[in-house]
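**Student:** Structure provided below as structure tokens; questions to follow.
The values are calculated or read from the model by the stated rules, or taken from the named source; none is laboratory data. Bear in mind the structure is a predicted one, so any value in this text is a computation, not a measurement. Neighbour counts are summed over all protein chains in view; Cβ atoms, including those assigned to glycine, are modelled from backbone coordinates with ideal geometry.
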Amino acid sequence: MDEELKCPVCGSLFKDPILLPCSHNVCFICARNIIVQTPEGETPPHNRVSGNSDYDYLDMDKMSMYSETDSGYGSYTPCLKSPNGVRVFPPTLVHRHCSITCPLCHRSVSLDERGLRGFPRNRLLEAIVSRYQQSRSVNVKCQLCDRNPVDATVMCEQCDVFYCTPCQQRCHPSRGPLAKHRLVPPTQSPTAGGQQMPAATVRIQGTCADHDTENFSMYCINCKTPVCMKCLEGGKHGSHDVKPLATMWKQHKCQLSQALNGVSDKAKDAKEFLVQLKNMLQQIQENGVEFEACLVAQCDALIEALTRQKAKLLTKVTKEREYKLKVVRDQITHCTMKLRQTTGMMEYCLEVIKENDPSGFLQISDALIKRVTSSQDQWVKGALEPKVGPEFDLTLNTDPLLQTILQLDFIQSKDIQETPLLKQMHAGGLKETESSGAESAMVPPAPLLQLEKCCTRNNSATLAWRVTGPPGSPIEGYILELDDGNGGQYREVYVGKETVCTVDGLHFNSSYNARVKAYNSTGLGPYSKTVVLKTSDVAWFTFDPTSAHRDIVLTNENQTVSCNSYDDRVVLGTAAFSKGVHYWELMVDRYDNHPDPAFGVARINTMKDMMLGKDDKAWAMYVDNNRSWFMHNNSHTNRAEGGISKGATVGILLDLNKHALTFFINKEQHGPVAFENMEGVFMPAVSINRNVQVTLLTGMEVPKNIKQQ
């Protein structure tokens, strides 16, 4: 209540307060200080505000004030400034062209011939201030003493602080900007002391300003002011509507009490709201810590998944390195053995040439010449070429994953202006459905693709997703869509209830965009974010044990195949080709008794218990140690000289851009283009018996200089 009892001009408790027409109060002395003169013929400057101060709106150089000490006009004296920042002017007598401006609402009003006496004196406020001062205790302690505070000797009305004499001299000297502060005997705020103001013990009887001997007895409804009987008899209030003062007093008291009850309810609500806000501070702090922990856990899970995938990739690199080292070591051993044999034979031939016995020489020369000639045939062009290169033909494409990580952001699931159901309806173009008494079912939310489980292998893509739907939105199934690998239109590749799907038969060296959406009886939900999946540049595959004949034996992680039967048995590869150019080789690890294995491609449903190419679902080349034939649907064509032996390699080139199949032996094209007009899906295939063992080599570069038919 302190602020209500202090003058807005001087900052001290009201002394002789007067009531301005705007219902604000000022001390009588302060009101004299803020009177300004208005030039003749000019209206008061209502609500005008200058750039410097609330009261600097007049041309002070041209203004003169009526002096209290003489009857003429004196020169302008520089204005002072009150302690609370309100600009005031030197004391003057009231002129008939003067006005006063309220320091709070800045409304101006002209003074009449009565001057400030024309404003009613607020005796009620004066009485409240008097009771307020009486309610304070004199025994107040200094508020600035560090230890054992002593009794205060003064209080600054502007600072509202109690000082003892030493603290006042040290902290509040009477000089400088503090010289204008008013120091009064020490008092204690009733709010600080926990005291209540005593109730009024005397009744304030107002005296009419126009008739000093008359007290207020009536209340003018028109002017909203108390009046005396003389004001009604011959004054300006004679024709106005008036009522007894006591009646209006009780009526206005009742109105004020009712208004206070409303304000009290609002104050109570405000206190409860403040408590709610303070509790919210703690909740925000706790939720922030919890959310940070969840975010760290999610990011750690992504990092852990990436670490696991890194370990898998490093394992593949290690296997590739070990395979290359094994091939090179075997080739070194094989070449060293042949070189040792050749060197020994050369040394023996030199010793034979040194002999001078013609008959003895001719006795062995024919066989020796054939042996030397046969030895030359062993050193064919392919035998002196490395079977593998030092480079690792492995490419890790991290661009889609890096792009996804950079786009990682929060999903705003709360919206004050629009409910999630309406947002989904507006986004999906669905109309609101009416329900009779019960809530309408909601369409499912957008699924979230689980990037750590989405991957590609050769020309297959595996996608996984999940949905955290709110109650009332049951999910009946999902629709997975992929484009054509060239940025074309999407097509449905899966419809069902599973949340994991593998799509086979994609094109190699292509980037596919994938998305998924959920549906229920209400309708289709929105699409998930799009994920980009890139298939392998070249085919990496092994033999497929699930589709192989039961006599087939697979070792070396399904890369080496042998057979338990003397009959030909078929085994397929794990890759399926429908587009692009693909090349792979098979190394002959064992070749006994001159069998005729077959190499080529086939449909997945080809016969597995006969030589490859005997049915219409396989295209093959079967070869022995001297010659070969191409075979499809049991039709033999294009016999070619040249066969295979232990250590030889057979290459298969499937060019689905040209729809052709070509064969190679030891890196050299064997015969013409074997088959043309190849359409559909093909899988690598080979048929062998127990006299043959071959090892599959994949991910190889396509041979150049292919001879056309």
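**Student:** Can you tell me which residue in region 445-466 is nearest to Thr502 (Cα to Cα), limited to those that are more than 18 Å from the chain's Cα centre (by Cα) and polar (S, T, N, Q)?
**Tutor:** The residue in question is Thr462.
**Student:** Name the residue that is surrounded by the fewest Cβ atoms within 10 Å (Cβ to Cβ), counting only residues in region 475-484 that are touching a strand residue (DSSP E or B) at 6+ places or on another chain (Cβ under 7 Å) and either in a strand (DSSP E or B) or free of Cβ contacts under 8 Å to residues at least 40 places away in the same chain (or both).
**Tutor:** We begin by selecting, within region 475-484, every residue touching a strand residue (DSSP E or B) at 6+ places or on another chain (Cβ under 7 Å); these are 475-483.
With either in a strand (DSSP E or B) or free of Cβ contacts under 8 Å to residues at least 40 places away in the same chain (or both) added as a condition, the list becomes 477-483.
Values: Gly477: 14, Tyr478: 22, Ile479: 18, Leu480: 21, Glu481: 18, Leu482: 19, Asp483: 17.
Ranking the qualifying residues of region 475-484, first place goes to Gly477.
**Student:** Quick check on my filter: what residues within region 93-114 are in contact with a strand residue (DSSP E or B) (Cβ under 6 Å, 6 or more places away or on another chain), part of a loop (DSSP other than H, G, I, E, B) and modelled with pLDDT of 85 or more?
**Tutor:** Those that are in contact with a strand residue (DSSP E or B) (Cβ under 6 Å, 6 or more places away or on another chain), part of a loop (DSSP other than H, G, I, E, B) and modelled with pLDDT of 85 or more: none in region 93-114.
**Student:** The conditions are (1) charged (D, E, K, R); (2) assigned to a helix (DSSP H, G or I); (3) at pLDDT 75 or above, and Asp377 fails exactly one of them. Which is it?
**Tutor:** Here Asp377 clears every test but (3).
**Student:** Given the criteria in contact with a Lys or Arg (Cβ under 7 Å, 6 or more places away or on another chain) and surrounded by 11 or more Cβ atoms within 10 Å (Cβ to Cβ), does Val327 qualify? Before you say what the answer is, go through the steps one by one.
**Tutor:** Working: in contact with a Lys or Arg (Cβ under 7 Å, 6 or more places away or on another chain): yes; surrounded by 11 or more Cβ atoms within 10 Å (Cβ to Cβ): yes.
The answer is yes for Val327.
**Student:** Would you point out which residue out of Ala602, Ala618, Ala576 is closer than 22 Å to Met683 by Cα, modelled with pLDDT under 95 and crowded, with 17+ Cβ neighbours inside 10 Å?
**Tutor:** Ala576
**Student:** So Leu124 fits all but one of (1) out of contact with any Phe, Trp or Tyr (no Cβ under 7 Å at 6 or more places or on another chain); (2) aliphatic (A, V, I, L, M); (3) buried (at least 16 other Cβ atoms within 10 Å of the Cβ); what number is the exception?
**Tutor:** All conditions pass for Leu124, except number (3).
**Student:** Kindly check whether there is at least one residue in region 634-650 that is in contact (Cβ under 8 Å) with a residue 60 or more places away in the chain and among the polar types (S, T, N, Q).
**Tutor:** First, pick out the residues of region 634-650 that are in contact (Cβ under 8 Å) with a residue 60 or more places away in the chain: 647-650.
Next, from what is left, pick out any that are among the polar types (S, T, N, Q): 649.
There is at least one residue in region 634-650 that is in contact (Cβ under 8 Å) with a residue 60 or more places away in the chain and among the polar types (S, T, N, Q).
**Student:** So Ser528 passes all but one of these: (1) surrounded by 19 or more Cβ atoms within 10 Å (Cβ to Cβ); (2) at pLDDT below 90; (3) of a type outside the set (A, V, I, L, M); (4) out of contact with any helix residue (DSSP H, G or I) (no Cβ under 8 Å at 6 or more places or on another chain). Which condition number does it fail?
**Tutor:** (2)
**Student:** Quick one: count up the residues across region 146-161 that are out of contact with any Cys (no Cβ under 6 Å at 6 or more places or on another chain) and on the phi < 0 side of the Ramachandran plot.
**Tutor:** Of the residues in that region, 10 qualify.
**Student:** Identify the residue in region 549-593 that is within 28 Å of Gly505 (Cβ to Cβ) and basic (Lys, Arg) and, among all such residues, is farthest from the chain's Cα centre (by Cα).
**Tutor:** Per the stated criteria, the residue is Arg569.
**Student:** Within region 367-402, work out how many residues are among the basic types (Lys, Arg) and within 29 Å of Pro703 (Cα to Cα).
**Tutor:** Number of matching residues: 2.
**Student:** Which residue is surrounded by the most Cβ atoms within 10 Å (Cβ to Cβ), if the candidates are limited to region 153-210 and must be β-branched (Val, Ile, Thr) and either modelled with pLDDT of 65 or more or touching an Asp or Glu at 6+ places or on another chain (Cβ under 6 Å) (or both)?
**Tutor:** The initial filter retains those residues of region 153-210 that are β-branched (Val, Ile, Thr), namely 153-154, 161, 165, 184, 187, 191, 201-202, 204, 207.
Checking the rest, the ones that are also either modelled with pLDDT of 65 or more or touching an Asp or Glu at 6+ places or on another chain (Cβ under 6 Å) (or both) come to 153-154, 161, 165, 184, 207.
Values: Thr153: 17, Val154: 19, Val161: 17, Thr165: 13, Val184: 12, Thr207: 13.
Selected residue: Val154.
**Student:** Residues being under 18 Å from Ser578 (Cα atoms) and surrounded by fewer than 17 Cβ atoms within 10 Å (Cβ to Cβ): count how many of those fall in region 494-510. It would help to see each step written out before you state the result.
**Tutor:** Applying the first criterion (under 18 Å from Ser578 (Cα atoms)) to region 494-510 yields 502-510.
This time we only want the ones that are surrounded by fewer than 17 Cβ atoms within 10 Å (Cβ to Cβ), so: 502, 504-505, 509.
Total satisfying the criteria: 4.
**Student:** Hey, Ala518 hits all of (1) in contact (Cβ under 8 Å) with a residue 40 or more places away in the chain; (2) closer than 30 Å to Thr698 by Cβ; (3) surrounded by 18 or more Cβ atoms within 10 Å (Cβ to Cβ); (4) not aromatic (Phe, Trp, Tyr) but one; which does it fall short on?
**Tutor:** Tallying (1) in contact (Cβ under 8 Å) with a residue 40 or more places away in the chain; (2) closer than 30 Å to Thr698 by Cβ; (3) surrounded by 18 or more Cβ atoms within 10 Å (Cβ to Cβ); (4) not aromatic (Phe, Trp, Tyr), Ala518 fails exactly one: (2).
**Student:** Suppose we filter Val317, Val296, Val328 for residues that are in contact with a Pro (Cβ under 9 Å, 6 or more places away or on another chain) and at pLDDT 90 or above; which single one remains?
**Tutor:** It is Val328.
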